[in-house]
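Student: Just passing along the structure, written as structure tokens.
The values are calculated or read from the model by the stated rules, or taken from the named source; none is laboratory data. As the structure is a computational prediction, the values presented were derived from the model and not from experiment. Neighbour counts run over all protein chains shown; Cβ positions are idealised from the backbone, glycine included. Accessible surface is based on the protein model in full, side chains and every heavy atom, while ligands, DNA and RNA are left aside. Shrake-Rupley method; radii C 1.70, N 1.55, O 1.52, S 1.80 Å.
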Amino acid sequence: MPQRSVSLPVCTSCNRPVMPGEKASKFHCPSCQQVAVWRCEKCRKFSRRYKCVNCGFEGP
Ligand SMILES: [Zn+2]
Ligand SMILES: [Zn+2]
């Protein structure tokens with residue numbers, strides 16, 4: 001039985017869960033370095049903006 005306890009990261013731009021194997025990117029907020037920002041494949045493709053939940057930094 002596979003364990004389902006692993007919670008998926010959520011895309012910071014669109015709030016959808018990032019699926020394993022997706023070409024998502026994860027990086028830390030360039031402003032405060034405190035928050036891990038996730039961007040799913042689609043948001044990367046369309047260069048959607050993200051907003052840091054910690055400091056409010058917005059970036060492409
Ligand atoms: Zn997204
Ligand atoms: Zn930040």
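Student: Consider THR12 against the criteria (1) open to solvent by 60 Å² or more (accessible area, probe 1.4 Å); (2) in a loop (DSSP other than H, G, I, E, B): it satisfies all of them except one. Which criterion is unmet?
Tutor: Among (1) open to solvent by 60 Å² or more (accessible area, probe 1.4 Å); (2) in a loop (DSSP other than H, G, I, E, B), THR12 violates only (1).
Results for (1) among the aromatic types (Phe, Trp, Tyr); (2) within 16 Å of ligand 2 (Cβ to nearest atom), shown as yes or no for each residue.
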{"position": "VAL6", "(1), (2)": "no, no"}
{"position": "SER13", "(1), (2)": "no, yes"}
{"position": "ALA36", "(1), (2)": "no, yes"}
{"position": "CYS40", "(1), (2)": "no, no"}
{"position": "PHE57", "(1), (2)": "yes, yes"}
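Student: Inside segment 28-59, can you point out the residues that are surrounded by 14 or more Cβ atoms within 10 Å (Cβ to Cβ) and of a type in the set (Phe, Trp, Tyr)?
Tutor: Hits for segment 28-59 are TRP38, TYR50, PHE57.
Student: With at pLDDT below 95 and within 12 Å of ligand 1 (Cβ to nearest atom) as the only criterion, which of SER7, SER47 stands out? Give the derivation first.
Tutor: Values: SER7 fails: within 12 Å of ligand 1 (Cβ to nearest atom).
Exactly one of SER7, SER47 is at pLDDT below 95 and within 12 Å of ligand 1 (Cβ to nearest atom), namely SER47.
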